1. Grab the Cα-Cα distance for His75 and Asp21, subtract it from 0.36 nm times how many residues apart they are, and report the gain in nm with one decimal.
2. Please give the charge dipole size of the stretch 33-143, origin at the Cα centre, charges +1 on K and R Cβ atoms and -1 on D and E Cβ atoms. Round to the nearest 20 debye.
3. Residues of the stretch 28-70 with amide nitrogen under 18 Å from the 7 Å Cα-to-Cβ point of Ser115?
4. Over the C-alpha atoms of the stretch 41-143, what are the Rg and the largest Cα-to-Cα span, Dmax, in Å?
5. Multiplying the sequence separation of Lys52 and Asp38 by 0.36 nm and subtracting their Cα-Cα distance, what value in nm do you get?
6. List the lysines whose Cα sits under 27 Å from the Cα of Lys40, skipping any in the same chain fewer than 8 residues away.
Amino acid sequence: MVQPPLPETIMSIFALKTDADNPIQNLRESIALVTDDDGKPVAVSFSLNKGKGTGTQTVSLDDFDAFISVIQDFHDNGATEETAPVDKPASQVARETGAFKDGNLVFRTKDGKGSKPARIPEALVGEVLSVLNQASNELKNLV
């Protein structure tokens, strides 16, 4: 079950307006907590891209900081695509599927048939990291 967007305390961080096709704006508009049937937060979902061939990325709260570290490592050291087995944490799937292709960092957070990749223009990876780190800090205050 996906809850509405994050509370005002988090959304106010993302008040800056950006271009409609910008993954940073898409991230700011789509980031949400995923809860279990009892209303307990269990994951974060977000979209970096819109349109055909794109999808929502979902990362468990326990894995969110590790996921951010993987994106940071891609930003700092590059990435090459490998095959990811099914049923692994999002951070590990991202590490194993991440690659720079055609000027974009491309990765998935889940594997298997129908999983859609996220694409971040190489020049925007640092700013996406900044938004993810801000969200992580706010989430720690909520849970």
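1. So the extension gain works out to 17.4 nm.
2. About 460 debye.
3. Only 43-49, 53-70 fall inside the zone, counting backbone N under 18 Å.
4. Reported Rg and Dmax, both Å: 12.8, 38.
5. Between Lys52 and Asp38, full extension yields 1.7 nm more.
6. Lys88, Lys110, Lys116, Lys140
Any read-out appearing in this document is the output of simple, stated calculations on the displayed coordinates, not a laboratory observation. Note that this is a predicted model, so its numbers are computed, not measured. Note that we place each Cβ from the backbone using ideal geometry, even for glycine, and neighbour counts take in every protein chain shown.
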